[in-house]
1. Using alpha-carbon pairs under 8 Å, 6+ residues apart, how would you state the relative contact order of the chain in percent?
2. Which option, (i) 11.7, 34; (ii) 12.5, 39; (iii) 14.6, 40, is the value of Rg and Dmax of the Cα atoms in Å that was calculated from these coordinates?
3. With +1 on each Lys and Arg Cβ and -1 on each Asp and Glu Cβ, how big is the dipole of segment 3-88 about its Cα centre, in debye rounded to the nearest 20?
4. What are the trypsin sites (Lys or Arg not before Pro) within segment 1-81 that DSSP puts in a loop, where the Cβ has at most 13 other Cβ atoms within 10 Å?
5. Ignoring everything except DSSP H segments at least 4 long, calculate the 222 nm mean residue ellipticity for the chain; use -39,500 (n - 2.57) per segment, divide by total residues, nearest 500.
6. Please give the helix 34-51 orientation as an angle from the longest Cα principal axis of the chain, in degrees from 0 to 90, rounded to the nearest 10.
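Every read-out reported here was derived from the displayed coordinates using simple, explicitly stated rules and does not represent laboratory data. As the structure is a prediction and not an experimental result, all values here were calculated from the model. Here the Cβ is made from the backbone with ideal geometry for all residues, glycine too, and neighbour counts use every protein chain on show.
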Amino acid sequence: MAHHYVVVLVPKKGGGWRVHFPDFPGCHAEGARVELAVEAATREVISWLERARSIPTPQSYEEVRSDESWAHLRGIDWSTAVISQVQIV
């Protein structure tokens, strides 16, 4: 069954993007373009799922945005971050 997970894209100083999946601890990646960063992060999630015993329940956008400690620990500035969803099968 496919699930849609929130992905947070953060522009890097000097160019490129860093991608975070709030529902998958430790899953993040970088890329020169948004598409490349999301593809790399999705590969990280697939690898994470191969090692996991369970699939996390997707958080809503509101849940992710309300967790200020998660964003703060990662240096995320919500005024420049982009939020999207990625389907993970």
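1. Relative contact order, the chain: 40 percent.
2. (ii)
3. Roughly 260 debye for segment 3-88.
4. Taking segment 1-81 and a limit of 13 other Cβ atoms within 10 Å, the loop trypsin sites (Lys or Arg not before Pro) found are Lys12, Lys13, Arg33, Arg53.
5. Helices in the chain give a 222 nm mean residue ellipticity of -10000 deg cm²/dmol.
6. Helix 34-51 sits at roughly 30 degrees to that axis.
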